[in-house]
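The values are calculated or read from the model by the stated rules, or taken from the named source; none is laboratory data. These numbers come from a predicted model, not from an experiment. Reconstructed Cβ throughout: ideal geometry from the backbone, glycine too, with neighbour counts over all protein chains shown.
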């Protein structure tokens with residue numbers, strides 16, 4: 001039995017230390033694992049821990065499988081399905097713009113059709129792990145746009161499964177259009193089959209792996225996952241999808257919580273090996289030749305993300321801060337881009353894809369947290385008309401937690417089209433506001449008498465809405481914020 | 001219960017509870033994340049920048065919660 005334990009241990013330790021150094025500066029871990037692989041790999045001058053990186057293949061593959069399995073297990077199916085059409089529209093816009101621009105870039109590079117699809121996925125799908133960590137570190141969990149950001153990245157994860165199902169047949173190198181269509185058909189058919197198992201067969205799967213003892217559950221679970229991943233690869237669907245889908249199945253069994261907890265440390269270790277192994281396959285000398293395309297790709301990604309942020313903000317009535325936060329928080333690229341790069345390299349595509357995606361992920365890893373932390377700067381430059389044609393008073397308002405007084409809304413419509421108190425005293429008014437607790441109509445702050453303000457001072461009824469045609473905003477006096485519906489609510 | 005507490009699902013993270021504390025924009029938001037941690041956001045004004053943010057483990061959150069609820073006793 002021959003195994004390079006010294007090399008493996010030193011490599012993982014070095015990767016961990018480098019990532020910890022990055023964390024000091026609040027940088028994401030995944031790119032640093034990869035960087036450790038690049039620096040200590042056989043293509044870089046200096047120490048080489050592994051003469052034959054392919055010795056790591058099995059462990060790295062296990063990392064890939066566990067990474068996607070965990071994604072499937074923790075996927076919040078109910079929350080996503082219940083989140084409403086607008087969130088899907090926002091996520092669809094994000095994915096469409098980013099994948100579309102990625103495809104354009106991929107074809108413009110002229111490396112080939114399969115290569116273009118890989119590049120589209122790698123630059124189009126953001127890293128959920130990086131975005132979630134950023135929201136926690138930037139203390140934005142209480143912000144109004146945060147549920148939207150999280151909703152979008154979760155829907156993106158779902159899209160990843162579909163994209164992998166499309167990509168694997170393309171990468172398999174079918175000879176004719178008919179054969180390609182057949183392979184795509186098989187791929188999606190397999191996806192449907194696994195969905196059906198998730199829907200109706202979860203109880204059975206749960207019985208197979210269930211055990212009261214954590215030790216046995218972990219062993220049975222890993223066995224099942226690896227087996228399904230292997231079978232999926234055998235059918236011509238990628239092992240990655242198999243692992244993701246079996247994760248969705250396990251998520252519907254009674255062992256979900258325990259499975260999630262048990263697989264997490266395994267995933268962390270083996271996924272790190274996967275990222276390191278990918279790094280080791282990168283030839284540093286080749287990075288210079290892809291630098292220009294990578295810089296263009298980074299520029300495009302920033303642009304498409306901000307655009308998608310603006311679309312989301314328009315759909316949900318967020319202000320400049322919200323738009324900038326949405327666009328710049330989902331900028332990070334990580335695990336998924338590296339997975340796609342690995343798929344491309346193992347399918348024997350253009351070798352420049354490796355260094356291209358490696359450099360791209362590294363640059364965004366540093367850029368994304370910096371831009372997200374300074375989203376305020378971008379917000380200053382976003383003109384009002386991009387967000388809402390008719391909205392005024394928007395830019396100055398803070399956008400914070402969803403208003404906590406919405407249970408005080410009892411009435412939303414009125415026939416009154418005058419300010420009754422002004423009519424009585426013979427005054428005029430500029431605009432009308434309506435109290436949503438009792439339905440009283442009063443005049444706005446630009447009017448002489450400011451009856452709406454006075455009504456709040458008298459009664460404490462917190463929420464008004466504008467009766468101006470096309471305005472459609474609501475304001476809470478108590479919170480001092482414009483009100484936006486929380487994502488997923490059915491209030492319209 | 002329920003009145004004045006706004007509940008918001010955060011997909012992939014957990015659940016957020018926004019609690020208004022009278023006028024002037026004072027409020028707290030508590031995010032119960034699925035890994036058991038609790039993020040406590042305190043706002044003293046109606047702005048969007050929290051005055052304080054604490055990250056509590058499950059154990060710490062239980063201790064703080066017990067004291068707040070008046071059910072904490074030493075042995």
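Scanning segment A:112-130 for residues that are over 17 Å from the mean Cα position of the chain (by Cα), touching a residue at least 40 places away in the same chain (Cβ under 8 Å) and either buried (at least 20 other Cβ atoms within 10 Å of the Cβ) or part of a helix (DSSP H, G or I) (or both) turns up A:113, A:114, A:115, A:117, A:118, A:119. Quick one: count up the residues across segment A:85-97 that are more than 16 Å from residue A:303 (Cβ to Cβ) and buried (at least 19 other Cβ atoms within 10 Å of the Cβ). Count: 3. From the residues in segment A:68-78 that are assigned to a helix (DSSP H, G or I) and under 16 Å from residue A:132 (Cα atoms), which one is farthest from the chain's Cα centre (by Cα)? Ranking the qualifying residues of segment A:68-78, first place goes to A:70.
Each row is one residue, and each column tells you yes or no for (1) surrounded by 15 or more Cβ atoms within 10 Å (Cβ to Cβ); (2) without any contact (Cβ under 8 Å) to a residue 60 or more places away in the chain.
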| position | (1), (2) |
| --- | --- |
| A:350 | yes, no |
| A:370 | no, yes |
| A:376 | no, yes |
| A:380 | no, no |
| A:383 | no, yes |
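Assessment of segment A:98-110 against the conditions (free of Cβ contacts under 8 Å to residues at least 12 places away in the same chain, away from chain B (no Cβ under 14 Å) and either part of a loop (DSSP other than H, G, I, E, B) or buried (at least 24 other Cβ atoms within 10 Å of the Cβ) (or both)) yields at least one matching residue. If the condition is being touching a helix residue (DSSP H, G or I) at 6+ places or on another chain (Cβ under 9 Å) and surrounded by fewer than 17 Cβ atoms within 10 Å (Cβ to Cβ), then segment A:60-80 contributes only A:77. Sort out which residues of segment A:420-464 are surrounded by 20 or more Cβ atoms within 10 Å (Cβ to Cβ) and closer than 21 Å to residue B:20 by Cα, and write them in order of number. Of everything in segment A:420-464, those that are surrounded by 20 or more Cβ atoms within 10 Å (Cβ to Cβ) and closer than 21 Å to residue B:20 by Cα turn out to be A:435, A:436, A:455, A:456, A:461, A:462, A:463, A:464. Helices (runs of 4 or more DSSP H) fully within segment A:175-283 that include at least 1 residues being crowded, with 18+ Cβ neighbours inside 10 Å and at pLDDT 90 or above: A:214-235, A:239-251, A:256-280.
Please find, within segment B:8-21, the residue that is surrounded by the fewest Cβ atoms within 10 Å (Cβ to Cβ) out of those that are more than 7 Å from every other protein chain (Cβ to nearest Cβ) and closer than 21 Å to residue A:153 by Cβ. Restricting to residues being more than 7 Å from every other protein chain (Cβ to nearest Cβ) and closer than 21 Å to residue A:153 by Cβ, the top hit is B:15. Within segment A:134-158, the set of residues being at the interface with chain B (Cβ under 7 Å from one of its Cβ atoms) and not in a helix (DSSP H, G or I) comprises A:139, A:141, A:142, A:143. Of all the criteria given as (1) away from every other protein chain (no Cβ under 14 Å); (2) modelled with pLDDT under 85; (3) exposed (fewer than 14 other Cβ atoms within 10 Å of the Cβ), the one not satisfied by residue A:396 is (1).
Cβ separations smaller than 6 Å between residues 6+ apart or across chains give the following pairs from segment A:33-53 residues that are at pLDDT below 85 to residues that are surrounded by fewer than 22 Cβ atoms within 10 Å (Cβ to Cβ) and outside any loop (DSSP other than H, G, I, E, B): A:43/A:284; A:44/A:284; A:49/A:7; A:49/A:10; A:50/A:7. Output yes when any residue across segment A:363-373 is modelled with pLDDT of 85 or more and within 14 Å of chain B (Cβ to nearest Cβ), and no when none is. Yes; the residues of segment A:363-373 include at least one that is modelled with pLDDT of 85 or more and within 14 Å of chain B (Cβ to nearest Cβ). Would you say residue A:83 is within 14 Å of chain B (Cβ to nearest Cβ), in a loop (DSSP other than H, G, I, E, B) and under 16 Å from residue A:304 (Cα atoms)? Criteria not met by residue A:83. For residue A:417, the test of being surrounded by fewer than 18 Cβ atoms within 10 Å (Cβ to Cβ), at pLDDT below 85 and either under 30 Å from residue A:337 (Cα atoms) or more than 14 Å from chain B (Cβ to nearest Cβ) (or both) is failed.
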